[in-house]
1. Can you work out which of the residues in the range 176-191 that are over 26 Å from the mean Cα position of the chain (by Cα) and buried (at least 19 other Cβ atoms within 10 Å of the Cβ) is nearest to Gln251 (Cα to Cα)?
2. Surrounded by 12 or more Cβ atoms within 10 Å (Cβ to Cβ) and under 18 Å from Val216 (Cα atoms): which single residue out of Leu144, Leu161 fits that description?
3. Do we find that Val66 is β-branched (Val, Ile, Thr) and buried (at least 19 other Cβ atoms within 10 Å of the Cβ) in this structure?
4. Quick test for you: out of Lys198, Lys186, Lys148, pick the one residue that is closer than 19 Å to Lys83 by Cα, in the same structural domain as Ser238 (by TED's automatic domain parsing), outside any loop (DSSP other than H, G, I, E, B) and of a type in the set (Lys, Arg).
5. Of all residues in the range 111-145, count the ones that are closer than 21 Å to Lys83 by Cβ and of a type in the set (Asp, Glu).
6. Can you work out which of the residues in the range 88-113 that are aliphatic (A, V, I, L, M) and at pLDDT 95 or above is surrounded by the most Cβ atoms within 10 Å (Cβ to Cβ)?
7. If Asp173 satisfies every condition in (1) under 15 Å from the mean Cα position of the chain (by Cα); (2) surrounded by fewer than 16 Cβ atoms within 10 Å (Cβ to Cβ) but one, which is the exception?
8. All but one of (1) part of a strand (DSSP E or B); (2) outside the structural domain of Val258 (by TED's automatic domain parsing); (3) more than 30 Å from Cys68 (Cα to Cα) hold for Leu161; which doesn't?
Amino acid sequence: MVGIEGEGPRTSIMLDFGDGNAISYSNVSSIEDGIKHNYKNVGIYKVVAVAENNLGSDNAVLYLHVICRLDHVHLSAPFVAIKNKEVNLTVVLSPSQVGTVTYIWWLGNYTEPIITLEGSISFTFSREGINTVTVQVSSGDTLLQDKKRVAVHEYFRSHLLAFSSNLDEYNPDVVEWRQDISRVIKNSLVQATGIAEKQLLVSVLPGLPTAAEFFVLPDKEITEGKPERNAAHVDQLSEILLNALNQNLVQFTLRPGVQINVYAAHLSAAPLVDISEGHSGSAMMMLLSVVFVGDSFLSSGVCVPSPCSPVPISLGAQ
């Protein structure tokens with residue numbers, strides 16, 4: 001809001017919004033509906049207003065911090081990792097540009113978190129079994145988190161899976177559906193090959209067309225204390241699985257009348273990852289800001305929009 005004291009009808013105003021855009025008004029007496037400006041990017045903007053009439057001039061400066069409300073976070077992590085081998089963990093934000101962000105990582109059995117300003121981190125799991133990774137993302141007054149379970153083993157093999165195209169028609173691309181279908185695929189592989197459930201993991205990947213990855217684990221009863229047997233044992237199991245897939249022996253019923261065939265895709269060499277004054281003269285002016293975005297509001301020049309859309313800043317003359 002721009003307030004003018006003095007001979008208003010002869011007052012001219014220039015507003016510089018700090019993002020390369022400016023606007024000028026001559027002989028202003030009032031602007032009842034205010035002045036609106038859309039900020040298209042997050043950041044800190046220096047907004048300058050200058051008023052001038054025959055009695056003098058004055059200016060006011062406001063630093064406007066434009067941020068975007070964080071709506072969703074997704075932690076990308078490998079479904080299976082090798083013990084004592086470094087893996088990358090990455091957080092994807094939605095929207096991607098939300099201003100200053102702090103990441104709080106809870107990794108494995110560590111009781112103290114790791115705090116970073118970067119959305120990715122490298123970590124080495126030293127314990128076999130299921131390890132939990134939790135990341136909390138703090139942005140402004142918003143705190144969101146995501147969690148993943150990583151199966152850690154000394155050795156494994158993995159292969160990509162493809163499906164008959166009719167599966168895509170029923171894929172809503174949500175986590176719960178992928179988890180359910182992963183269990184169904186695993187059961188189908190076990191039934192077709194006779195491989196023990198504990199030696200097989202399956203993960204359906206996000207996105208379309210529908211794809212998945214299976215992981216073959218060594219049998220501890222056979223390889224315990226004999227690490228040299230891991231490769232030969234896992235390779236043998238992988239060969240059994242690939243033969244069954246290539247012979248079209250793996251299929252499942254999605255619903256009555258809908259049969260899905262499972263195929264072997266190209267070999268994955270490694271596990272796939274689940275994949276921002278002073279006042280002078282008699283022409284006195286003050287500059288205040290009121291920022292509205294949807295139902296979000298914050299005064300003193302700080303905007304927290306939701307979702308991240310161009311930010312209107314209203315400035316009116318009296």
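1. Filtering first and then ranking leaves Ser188.
2. When all the criteria are applied, what remains is Leu161.
3. Yes; evaluated as a whole, the condition is true for this residue.
4. Lys198
5. Residues in the range 111-145 being closer than 21 Å to Lys83 by Cβ and of a type in the set (Asp, Glu): 1 in total.
6. In this case the residue turns out to be Val91.
7. (1)
8. So the condition that Leu161 fails would be (2).
The values are calculated or read from the model by the stated rules, or taken from the named source; none is laboratory data. Predicted, not measured: the structure shown is a model, and the values here were computed from it. Cβ: placed from backbone, ideal geometry, glycine included. Neighbour counts: every protein chain shown.
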